[in-house]
Amino acid sequence: MIEASGQVGLFGHGFTYSGHPVSAAVALRALEIYEERKLYEHVRNVAPKFQQRLQALATHALVGDARGIGLLGAVELVRNKETKVAFDSRHAVGAKCMALCQERGLIVRAIGDVVALCPPFIVKPKDVDDIFDRLGDGLDDTLAWAQKEGLA
């Protein structure tokens, strides 16, 4: 790296906020708050319900795979559930599902045709039900759209 820096210039490998004392202090305080409010314990209590509801989506016609851990979850959207054949990426089915979920008041993230969600640590069991009810409706909306477009 030292020799190459002489040839190509400064080796920029950090950011002004990386390791900054203020950022580090804020991070440490955030961890203290998590412990004070017993958020790790809360997550351990809520996560099984979250994962149960996530796995229940595996039966949906568009879902080829439902996977997650803790309060992280994702569903992979497929054109054919039996063979797990993917949609053509040009159709951006994941992005369409993300938009349809957002219309229902649920923020998810599309990573290709994988729809991911990760609620905050303070999520309550009734919120988990609301999240998955809305996601299920968003998947139904996406399936109807895909069928109308001749994609599924």
### Query
Once the Cβ-Cβ distance between Val8 and Val114 is put in as r, and R0 is 25 Å, what FRET efficiency do you end up with, to the nearest 0.05?
0.10
### Query
Amide H of Asp65: which non-local residues (sequence gap of 5 or more, or other chain) have their own amide H closer than 5 Å, using H built in the peptide plane?
Glu76
### Probe 1.4 Å, accessible area per residue of the range 23-91, Å²
65 Å²
### Query
Ranked highest first by average number of other Cβ atoms within 10 Å, how do 47-53, 117-123 line up?
47-53, 117-123
### Message
With every atom except the alpha carbons ignored, what do you get for Rg and Dmax of the range 1-133, in angstroms?
### Response
20.4, 59
### Summary
On the formula 1/(1 + (r/R0)^6), with r taken between the Cβ atoms of Asp88 and Lys49 and R0 of 35 Å, the FRET efficiency rounded to 0.05 is 0.50
### Message
Could you derive backbone 3J(HN,Hα) for the range 77-91 from the dihedral phi with the Karplus parameters 6.51, -1.76 and 1.60 (θ = phi - 60°), listing whole Hz in sequence and x where the residue is Gly or Pro?
### Response
8, 10, 6, 10, 5, 5, 9, 6, 5, 7, 6, 5, 4, 4, 7
### Query
At a 1.4 Å probe, what is the % contribution of carbon and sulfur to the accessible area of the range 6-144?
58 percent
### Query
What does the charge add up to near Asn45, with Lys and Arg as +1, Asp and Glu as -1, over the other residues with Cβ less than 12 Å from its Cβ?
+3
### Message
Helix check for the chain. Which DSSP H runs span at least 18 Å along their own axis by Cα, with a mean Kyte-Doolittle hydropathy no less than -1.0?
### Response
21-36, 39-56, 125-148
### Alpha-carbon centroids, the range 32-51 and the range 108-152: separation in whole Å
23 Å
### Task
Before rounding to the nearest 500, sum -39500 (n - 2.57) across all DSSP H runs of length at least 4 in the chain and divide by the residue total; then give [θ] at 222 nm in deg cm²/dmol.
-16500 deg cm²/dmol
### Task
Output the peptides 142-150, 75-83 sorted from most to least packed, where packing is the average of other Cβ atoms within 10 Å over each peptide's residues.
75-83, 142-150
### Task
Go through the range 109-116 residue by residue and turn each phi into a ³J(HN,Hα) via Karplus (6.51, -1.76, 1.60, θ = phi - 60°); whole Hz please, and just put x for glycine and proline.
10, 9, 10, x, 9, 10, 9, 10
### Task
Treating only the Cβ atoms of Lys and Arg (+1) and Asp and Glu (-1) as charged, compute the dipole magnitude of the chain about its Cα centre; round to the nearest 20 debye.
160 debye
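The values are calculated or read from the model by the stated rules, or taken from the named source; none is laboratory data. Values in this document were obtained by computation on a predicted structure and should not be read as measured data. Methodologically, a virtual Cβ is constructed for each residue, glycine included, from the backbone with ideal geometry; neighbour enumeration extends over all protein chains shown. Side chains are part of the model used for accessible areas, which takes the heavy atoms of the whole protein and leaves out ligands, DNA and RNA. Shrake-Rupley method; radii C 1.70, N 1.55, O 1.52, S 1.80 Å.
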